[in-house]
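Student: For reference, the structure I am asking about is given below.
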Amino acid sequence: MTVTQALLSFAVVAGLLTLVPGIDTALVLRSSISRSRGYAFATAVGISTGAMVWGVAAAVGVSALLAASEVAYRVLTLAGAGYMIWLGLSLIWKTLRKGPEAAAAVADPPPAVDPGRDLVRGWLTGAGTNLLNPKVGVFYIATIPQFIPAGTSPLLMGVLLAGVHCLFSMAWFTLLIFATGYASRWLKNARSIRVIDRITGTVLVGFGLKLALEPGH
């Protein structure tokens, strides 16, 4: 198998994985609807950054260590579950606050004092969600080694293969963000945003609980 054949074969797997709805898609949609286009793109870039880190880790063997160590896997699982639950409960709690100030905050969040800091926050949310999800690492360790041709650098192939996945993801996220922008007239009102935040929060909490309660790998 040549490098080109490996990239094309992995592209099929990455393309199918990208189209499967998941926590990443929910986060990007929520960011695009209730925050801003820039924040949504920052979240998408953060998710892709996490995927790239996992891809490189799988190629150099770090994910293999994670897959082999029950303790390391469990620690990362609980950390990821705690983060997901906290993030989800924060979204749900925001929609339950009473009073006109809370409603205004949900409908039209005030602009950040430092736009750059707000983008960093979006990036950290995306990256943290992906990096603290051991399922992503397990996916990469199960797939990437199969697409590394003999005689090629595992690190280089890890970067290339993860890069293919990131390109597909960013293309999909871009489509979602712009499509959401066209529908913003119907989506960006207080009631719609509360519903979206509650759905996203519930998905995050459910995913976190499932991650925390599932048996070891």
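The values are calculated or read from the model by the stated rules, or taken from the named source; none is laboratory data. All values derive from a computational prediction rather than experimental measurement. Positions of Cβ are generated from backbone atoms using ideal geometry, with glycine treated the same way; all protein chains shown enter the neighbour counts.
Student: Might you let me know whether the range 192-210 holds any residue that is over 20 Å from Ile23 (Cβ atoms), modelled with pLDDT under 70 and not basic (Lys, Arg)?
Tutor: yes
Student: Name the residue that is farthest from Ala127 (Cα to Cα), counting only residues in the range 6-33 that are without any contact (Cβ under 8 Å) to a residue 24 or more places away in the chain and assigned to a helix (DSSP H, G or I).
Tutor: Ranking the candidates gives Leu8 first.
Student: Name the pairs whose Cβ atoms lie under 6 Å apart, with the first residue in the range 122-140 and in a helix (DSSP H, G or I), the second of a type in the set (Phe, Trp, Tyr) and modelled with pLDDT of 75 or more, and 6 or more positions between them or separate chains?
Tutor: The qualifying pairs are Gly122/Tyr39; Val136/Trp54; Gly137/Trp54; Tyr140/Trp54.
Student: What tally of residues in the range 177-191 results from selecting those that are at pLDDT 85 or above and surrounded by 17 or more Cβ atoms within 10 Å (Cβ to Cβ)?
Tutor: Qualifying residue count for the region: 1.
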